[in-house]
Amino acid sequence: MKHPELSTPTRTLLGLALLAGIGSCVTPRGTAQNTYSMPREGVEVEQDIGSPGLARDLVMESITTRRKDGRLQVAFDLRSTRASDMAFEWSLIWLDDHGFPLPTPRNWNPAFLRGKGFLTVTRTAPTPEATGFRLALSRPDSVR
Amino acid sequence: MKLTRLAPALLLLSACSSVRYDDPGKTETLTIDYGSTDLQTLAGDMVESLVSSPALNYLENPGKTEDKRIIMYVGDVENRTSEHIDTQAITDKIQTQLLKSGKFRFVAADQGQAEIGDQVRFQQGSGRVRTDMMREFGKQLGADMILYGTLRSIEKRKGSSVESGLTRKQDVYYQFVLRAVNIDTGEIIWQDEAELRKTSSQGLFGRI
């Protein structure tokens, strides 16, 4: 279909503009994030559901904790309820006795799960002061 | 306004660029090459293993008093990948996290020793420092163990073909091996490896 006012150079320019727009101005996607907190060494887990979709797709289960050489060690499964493969990111924040985050590095770990698969996460607190942790889950949101 | 006049403006507007600050812990998949997420993941995995290893809790040494924590010297990580990687960034990150963990004690490596040497020579030779405050050589702690390792990669590329749906594929596998060896005996007391796999698919019009 031809527009009566569009000459060939104009259409070329418009096409270039569209391509440039697609290529250069991709803004990062805002992703909702869910957190699961365990302030003390009990097994009571507080959930902060930012994304109901993520909460439906990923379930945290089989949470166990122990003290090993004076440090809190935690293990849990992240199970996918989806039949298809899924990618997500997780991050742990260690908390002290008062629930304050400890100054430990916080980076997002990329993870991939097959349909209905699970990932076992085992982590040891980097400092003996840690008495709880907070798990944050997010859809993939990488710098790309 | 005719579209012919509008088109250059659209081109300028759409070819915009932006700079902003972002979360340093955010995953990065800008290219398949070694990046910040790989550094964080490899270092994090090793710290986790080192901190939770009971074999590295304490080591006796006649020179030690009550504090029996292992005194570590952080050596080099040999880069056997095809990329230019500053492997000292890995050891620095590991050392920072281990130091914060309180599990180990560390002695200065090459850069620190050079600085110490300069400073002690300055204190003793410049005539500017009080004699009762002069530091001297011969009082440093001796390391119990050395931490060193190797970073390797295996890379594979597959060109675009009809079979692959005209996409180019690339796969990189990183293996990071780190070990702690007893300086006295040469015995490897601890060793672990961390692995990473990254894949990239690129279609005719960009990454998929």
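The values are calculated or read from the model by the stated rules, or taken from the named source; none is laboratory data. From a predicted model like this one, the values you see are computed outputs, not experimental measurements. Note that we place each Cβ from the backbone using ideal geometry, even for glycine, and neighbour counts take in every protein chain shown. Calculation scope for accessible area: heavy atoms of the full protein, side chains included, ligands and nucleic acids excluded. Shrake-Rupley method; radii C 1.70, N 1.55, O 1.52, S 1.80 Å.
Accessible area per residue for chain B in Å², computed with a 1.4 Å probe and the full protein assembly in place, what is it?
63 Å²
Taking GluC sites (Glu not before Pro) as exposed when their DSSP state is a loop state and no more than 13 other Cβ atoms lie within 10 Å, the longest site-free interval of chain B runs over B:1-59.
Interface residues of segment A:80-116, defined as a loss of at least 20 Å² in heavy-atom accessible area between the chain alone and the complex of all protein chains with a 1.4 Å probe, are A:Pro103, A:Pro105, A:Asn107, A:Trp108, A:Pro110. Summary value for chain B: 20 percent relative contact order, contacts being C-alpha pairs under 8 angstrom separated by 6+ residues.
Counting Cα-Cα pairs of segment B:18-57 in 10 Å increments starting at 0 gives whole-percent bin shares of 25, 38, 23, 12, 3.
Computed from backbone phi, the HN-Hα couplings of segment B:158-171 come to 10, x, 6, 8, 4, 4, 8, x, 6, 10, 9, 10, 9, 9 Hz, rounded to whole numbers (Karplus: 6.51 cos²θ - 1.76 cosθ + 1.60, θ = phi - 60°; Gly and Pro given as x).
Between B:Glu155 and A:Val143, the simple label model (points 7 Å from Cα in the Cβ direction) yields a spacing of 2.1 nm. The contact between chain B and chain A removes approximately 2800 Å² from the accessible area (both sides summed; 1.4 Å probe; ligands, DNA and RNA excluded).
Membrane-span-like helices in chain B (whole DSSP H runs, Cα extent of at least 20 Å along the helix axis, mean Kyte-Doolittle hydropathy of at least 0.0): B:36-52.
Spacing of the modelled spin labels on B:Leu204 and B:Thr167, each 7 Å from Cα toward Cβ, amounts to 1.5 nm.
When +1 charges are put on Lys and Arg Cβ atoms and -1 charges on Asp and Glu Cβ atoms, the dipole computed for segment A:33-138 relative to its Cα centre reaches about 320 debye. Out of all Cα-Cα pairs in segment A:33-138, roughly what percent, to the nearest whole number, are more than 24 Å apart? Here the tail beyond 24 Å accounts for 20 percent of pairs. Just the protein heavy atoms count here, and of the accessible area of segment A:33-138 at 1.4 Å, carbon and sulfur take up 51 percent. Keeping to pairs on different chains or 8 or more places apart, tell me how many lysine pairs in chain B have Cα atoms under 19 Å apart. Lysine pair count for chain B: 13. Largest GNM mean-square fluctuation across B:Tyr58, B:Tyr174, B:Tyr73, computed for chain B with C-alpha springs under 10 Å, falls on B:Tyr58.
Carbon-plus-sulfur accessible fraction, chain B (probe radius 1.4 Å, protein heavy atoms only): 52%.
Between the alpha-carbon centres of segment B:189-208 and segment A:68-113 there is a gap of 21 Å.
Just the number please: accessible area per residue for segment A:33-138, 1.4 Å probe, all protein chains included, in Å². Intermediate results must be reported in sequence, preceding the final value.
On the way: 4980 Å² over 106 residues.
Heavy-atom SASA per residue in segment A:33-138 reads 47 Å².
Note on chain B: Kirkwood radius taken over Cα pairs, Stokes-Einstein applied at 20 °C and 1.002 mPa s, translational D equal to 100 µm² s⁻¹. Sites count as exposed loop sites when they are trypsin sites (Lys or Arg not before Pro), lie in a DSSP loop, and have at most 10 other Cβ atoms within 10 angstrom; the longest stretch of chain B without one is B:21-127. Candidate cross-link partners of A:Lys116 among the aspartates and glutamates, defined by an alpha-carbon separation under 19 Å and a same-chain spacing of 8 or more, comprise A:Asp57, A:Glu61, A:Asp77, A:Asp85, A:Glu89. Top mean-square fluctuation among B:Asp45, B:Asp132, B:Asp171, Gaussian network model of chain B, C-alpha springs under 10 Å? Of the options given, B:Asp132 has the highest mean-square fluctuation. Note on segment A:33-138: dipole from Cβ charges, positive end direction compared against A:Trp108, A:Ser138, A:Ser84; the farthest Cα belongs to A:Ser84.
When Rg and the Kirkwood radius Rh are both evaluated on Cα atoms of segment B:97-208, their ratio Rg/Rh stands at 1.29. For segment A:33-138, averaging the sequence separation of C-alpha pairs within contact (under 8 Å, six or more residues apart) and dividing by the residue count gives a relative contact order of 35 percent.
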